[in-house]
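Working notes for the structure below.
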Amino acid sequence: MSFPIYILDLGGGEDAIVFPERKADLDHCAFWEATVARLVARHFRLPLEALVNLPYCQRRARINSEIIYYGEKTTKKLLRTIEKAVGATGLRFVYDNHEKRLEYDVQKFTSLRLRS
């Protein structure tokens, strides 16, 4: 089983873990465009059109069996948060540069937030 997740910082101290229904094996960009961009746009009151092409502006990972492929700094707290959200135990992180955020997308997202 392989599926994408997004790790969203929506304020409030806890990360929101978003993944496809039934843990469907989707491409990150397709999942972002169909679902996650809408959640982020609504939460931050940003125009969807401005976010739809920024799939690398938020932290993301791919879960494949017991491995979380992730390109950012890992913590035990984040591991527990992901396990709880997806209903799994015994997961472990493996670094994957492909899952790292892109600086351009992060800067564009930050710019959009500052203008809103």
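Rule-based calculations on the coordinates, nothing more; no lab input. These numbers were taken from a predicted model, which means no experiment stands behind them. Note that each Cβ is placed from the backbone with ideal geometry, even for glycine, and that neighbours are counted across all protein chains shown.
Computed values, structure above
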quantity: Residue check, Arg113 farther than 21 Å from Leu26 by Cβ, in contact (Cβ under 8 Å) with a residue 40 or more places away in the chain and loosely packed, with under 15 Cβ neighbours inside 10 Å; calculated: yes
quantity: Hey, Leu112 of a type outside the set (Lys, Arg) and under 14 Å from Arg59 (Cα atoms) or not; calculated: no
quantity: Sole residue being charged (D, E, K, R) and surrounded by 12 or more Cβ atoms within 10 Å (Cβ to Cβ), chosen from Arg45, Arg62; calculated: Arg62
quantity: Selection within the range 1-36 - in contact (Cβ under 8 Å) with a residue 60 or more places away in the chain, in contact with a strand residue (DSSP E or B) (Cβ under 7 Å, 6 or more places away or on another chain) and part of a loop (DSSP other than H, G, I, E, B); calculated: Phe19
quantity: Residues satisfying the stated conditions in the range 1-19, i.e. within 11 Å of the chain's Cα centre (by Cα) and surrounded by 13 or more Cβ atoms within 10 Å (Cβ to Cβ); calculated: Pro4, Ile5, Tyr6, Ile7, Leu8, Asp15, Ala16, Ile17, Val18, Phe19
quantity: Search result, residues across the range 75-110 that are of a type in the set (Lys, Arg), surrounded by 11 or more Cβ atoms within 10 Å (Cβ to Cβ) and part of a helix (DSSP H, G or I); calculated: Arg80, Lys84, Lys108
quantity: Among residues of the range 66-116, those that are over 15 Å from the mean Cα position of the chain (by Cα), of a type in the set (Phe, Trp, Tyr) and under 16 Å from Val18 (Cβ atoms), counted; calculated: 0
